[in-house]
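**Q** Before I ask anything, let me first share the structure, which is written out below as structure tokens.
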Amino acid sequence: MNHDRPKALVTAGVGGPGLSLLGQLADLVLDSWLDQPQLRIYSAQQLADRVGEEGANIVVVESDACGAELYEHPIIAVASCRGDPANVDVAAATAAGVPVLRAPGRNADAVAELAVALLFAATRGLVPADKDVRAGEIFREGTIPYQRYRAWEVAGRTVGLVGLGAVGRALRWRLRGLGMEVLACDPHVPDATSTLDELLERCDVISVHAPVTEETTGMIGREEFARMRDGVVYLNTARARIHDTDALVAALRSGKVAAAGLDHFEGEFLAPDHPLTEFPSVVLTPHIGGATYNAESNHTSTIAEDLCRLLAGARPLHVVNPEVLPA
């Protein structure tokens, strides 16, 4: 082992071509949270202690907390394999002069694909239809499947994207490819030219892709559901905090919302007896939008390439706190 080289504690899932580059840059301690028999997310103190035990001076994390305790060690860089490094105390890193790297867009295609899957699963009754086949109830209650599962095609329908970041853009071209008209609202993106009011009034499908901020928390509530078109399809592959779940349940019960696809719940958990589980037209997935091997490969390459730039004295492309770098 060359002790002049950096040593990196890598608790994120890593893979693909970027892993080889990481190994060229530093001695690696690979201990992915995905390889543990039970969920393991380090607290700030636990991560700092582990860094001290390993003698690491680079950390590559995905969900572990990176707090002020970490900078009691001689850290060169913190790399968070997320688009938004919410697990990192950026202010503490900046105060310590440590650059924080991130991986924007790493799972955009993955989440966009899941949104399309939820759209079809919710509107075409794929989950209950599968259940009918497995239970031998194809002709349940004297009906035929063709009667029970007829639905409108998505081609020719209008979909509204709430948020046009990396995921929204990745979804937009996919939906256009399905023959849908796509509108988008996002105050931070110039080509998102619609307002939320326009989306609520005009769209047959509303799909949420906004980050959680003070402005977006609870932005889809009772009034917003009431203003949607009757029989609207509601998708949220972002965060549950963006909508009022009680208001969504009420809209489903009234028929205002005909179908929904949700990939996130507060606390990463939904009780089995939650009202959302009552509706056959609601498809629920446990926050798996980004769960692809491609996303892992993407963030590994992004982080490895930026670490390569940093260690060579160049400016990383995706640094959260560039003020800590030389001008």
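The values are calculated or read from the model by the stated rules, or taken from the named source; none is laboratory data. Because the structure is a prediction, the values reported are computed rather than measured. Glycine also receives a Cβ, built like all others from the backbone with ideal geometry; neighbour counts cover every protein chain displayed. All accessible areas refer to the heavy atoms of the entire protein, side chains included, with ligands and DNA or RNA removed. Shrake-Rupley method; radii C 1.70, N 1.55, O 1.52, S 1.80 Å.
**Q** How many nm is it between the label spots at residue 27 and residue 308, if each spot is 7 Å from the Cα in line with the beta carbon?
**A** Those two pseudo-labels are separated by 2.3 nm.
**Q** Any idea what the alpha-carbon Rg over 2.2 N^0.38 Å comes to for region 210-322? Don't skip to the end; give the middle numbers.
**A** Details: Rg = 19.0 Å, N = 113, 2.2 N^0.38 = 13.3 Å.
Ratio of Cα Rg to 2.2 N^0.38 Å: 1.43.
**Q** Sticking with this one: Full-extension gain between residue 152 and residue 133, please, as 0.36 nm times their residue separation minus the C-alpha to C-alpha distance.
**A** Contour length minus Cα-Cα distance gives 4.7 nm.
**Q** In whole percent, what relative contact order does region 216-326 give with Cα contacts below 8 Å and a gap of six or more residues?
**A** This gives 21 percent for region 216-326.
**Q** Here is a follow-up. Taking the Cβ of residue 306 as the centre, find all other residues whose Cβ is under 10 Å away and add up their charges (Lys, Arg: +1; Asp, Glu: -1). Walk me through the intermediate numbers first.
**A** Values: positive: 102, 309, 315; negative: 305.
Summing Lys and Arg as +1 and Asp and Glu as -1 gives +2.
**Q** Would you list the membrane-span-like helices of the chain, meaning whole DSSP H runs whose alpha-carbon atoms span at least 18 Å along their axis and whose mean Kyte-Doolittle value is at least 0.5?
**A** Counting only whole DSSP H runs, the qualifying helices are 108-124.
**Q** Next question. Counting only protein heavy atoms and using a 1.4 Å probe, what share of the accessible area of the chain belongs to carbon plus sulfur, as a whole percent?
**A** 52
**Q** Choose one of 302, 207, 194: the residue whose Cα lies farthest towards the positive end of the charge dipole of region 184-327 (beta-carbon charges +1 Lys, Arg; -1 Asp, Glu; about the Cα centre).
**A** 302
**Q** Placing one identical point scatterer on every Cα of region 13-154 and ignoring solvent, what is log10 I(q)/I(0) from the Debye formula at q = 0.14 Å⁻¹?
**A** Results for region 13-154 at q = 0.14 Å⁻¹ read -0.74.
**Q** Would you tally the net charge around residue 253, using a Cβ to Cβ cut-off of less than 15 Å, leaving residue 253 out, and scoring K and R as +1, D and E as -1?
**A** Combined, the nearby Lys, Arg, Asp and Glu give -2.
**Q** OK, next. Let's see if you can work this out: charge +1 on each Lys and Arg Cβ, -1 on each Asp and Glu Cβ, no other charges. What is the dipole magnitude of region 177-327 about its Cα centre, in debye to the nearest 20?
**A** Computed charge dipole of region 177-327: roughly 180 debye.
**Q** Hey, could you grab the Kirkwood Rh for region 146-270? Inverse mean 1/r over distinct alpha carbon pairs, Å, one decimal.
**A** Details: mean 1/r = 0.0679 Å⁻¹.
In region 146-270 this quantity evaluates to 14.7 Å.
**Q** Another question about this same structure. In the calculated pair distance distribution of region 245-286, what percentage of Cα-Cα distances lie above 15 Å? Don't skip to the answer; put the middle values down first.
**A** On the way: 295 of 861 pairs.
That fraction is 34 percent.
**Q** Could you give the accessible area per residue of region 1-157, probe 1.4 Å, as a whole number in Å²? Write out the running numbers ahead of the final one.
**A** Numbers: 8110 Å² over 157 residues.
On a per-residue basis, 52 Å².
**Q** Could you grab the relative contact order for region 143-201? Cα pairs under 8 Å, six or more apart, rounded to a whole percent.
**A** 33
**Q** How high is the relative contact order of region 40-199, in percent, with contacts defined as C-alpha pairs under 8 Å that are six or more residues apart? Provide the component values of the computation, followed by the final result.
**A** Numbers: 223 pairs, mean separation 23.2, N = 160.
It rounds to 15 percent for region 40-199.
**Q** On average, how much area does the Cα convex hull of the chain cover when viewed from any direction, in nm²? Each step should come with its number before you reach the end.
**A** Details: hull surface 77.8 nm².
So the Cα hull casts an average projection of 19.5 nm².
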